[in-house]
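Here the structure comes first, spelled out in structure tokens, and everything after it is commentary.
The values are calculated or read from the model by the stated rules, or taken from the named source; none is laboratory data. This is a predicted model, so every value here is computed, not measured. Cβ placement follows ideal geometry from the backbone for every residue including glycine, while neighbour counts extend to all protein chains displayed.
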């Protein structure tokens, strides 16, 4: 089943044509990697999938993005969309509050007051983010005291707590050391059993390791999209060939 379908998508920042006639399908419960050189449009595309670009002045979007066959750029509840399509950013951004309160924040904002239910979901989310065993005895500690890798997994737990169907990740390991990166990659491998994951990555090796599908972007265009092994081993387009072989980028 397809979770997200992008059709003839164009995006402009003022007069700058940042995404050019993009069309492809993101499958359910798979990891889809978006790769390409800096400024090619991959993060911009990621932000169209839960309407984060709505927050940027001067943006114009044409075409459609369908989530479960519903056009998300039609008249929909954007707040509800962002709960169903969660986001994890490049730089871990824990709130300046306890580990527990970070995970419970969105639930409380939604009006959940049952402490027992809150604690249950906090534990489940931290377990799903492979963090529970490391923090279970210090849930009241300030989240900003965690290591960088732990902070990023906390942000993933915070997204999971809202019970999304899709998790968007914008270079989630770019600021992490190799050990923390490995833990996040192991986590993604586990999360794909429950969630559809779309990840922007600057690392081609990471895309090869963790993704089922890969989309290669170049100057706002989607050059090539397909099974990850096929795209890396037998690219169709010369630009893809040049990028994945390290000739440029």
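Here are some notes:
- Being more than 30 Å from residue 42 (Cα to Cα) and surrounded by 14 or more Cβ atoms within 10 Å (Cβ to Cβ) holds for only one residue in 117, 101, and it is 101.
- Residue satisfying all of: in segment 181-201; in a loop (DSSP other than H, G, I, E, B) and in contact with a helix residue (DSSP H, G or I) (Cβ under 9 Å, 6 or more places away or on another chain); nearest to residue 21 (Cα to Cα) among these: 201
- Taken over segment 49-58, the criterion of being closer than 23 Å to residue 84 by Cα and surrounded by fewer than 19 Cβ atoms within 10 Å (Cβ to Cβ) is satisfied by 51, 54, 55, 56.
- Taking the criterion of being closer than 14 Å to residue 10 by Cα and either part of a loop (DSSP other than H, G, I, E, B) or touching a residue at least 60 places away in the same chain (Cβ under 8 Å) (or both), the residues of segment 48-57 that qualify are 49, 51.
- Pairs with Cβ under 7 Å, 6+ apart, first in segment 91-119 and on the phi > 0 side of the Ramachandran plot and part of a loop (DSSP other than H, G, I, E, B), second surrounded by 13 or more Cβ atoms within 10 Å (Cβ to Cβ) and modelled with pLDDT under 95: none
- Residue that is in contact with a helix residue (DSSP H, G or I) (Cβ under 7 Å, 6 or more places away or on another chain) and either loosely packed, with under 14 Cβ neighbours inside 10 Å or on the phi > 0 side of the Ramachandran plot (or both), where the choices are 232, 248, 217: 248
- Scanning segment 4-27 for residues that are surrounded by fewer than 14 Cβ atoms within 10 Å (Cβ to Cβ) and either closer than 19 Å to residue 196 by Cα or in contact (Cβ under 8 Å) with a residue 40 or more places away in the chain (or both) turns up 8, 14, 23.
- So residue 33, is it assigned to a strand (DSSP E or B), within 30 Å of residue 133 (Cα to Cα) and touching a helix residue (DSSP H, G or I) at 6+ places or on another chain (Cβ under 6 Å): yes
- Single residue of segment 124-176 satisfying the filter (under 13 Å from the mean Cα position of the chain (by Cα) and part of a strand (DSSP E or B)) that is surrounded by the fewest Cβ atoms within 10 Å (Cβ to Cβ): 170
- So residue 46, is it under 28 Å from residue 185 (Cβ atoms) and either surrounded by fewer than 23 Cβ atoms within 10 Å (Cβ to Cβ) or at pLDDT 95 or above (or both): yes
- Scope segment 202-214; condition surrounded by fewer than 24 Cβ atoms within 10 Å (Cβ to Cβ), within 15 Å of the chain's Cα centre (by Cα) and not in a loop (DSSP other than H, G, I, E, B); matching residues: 206, 210, 213
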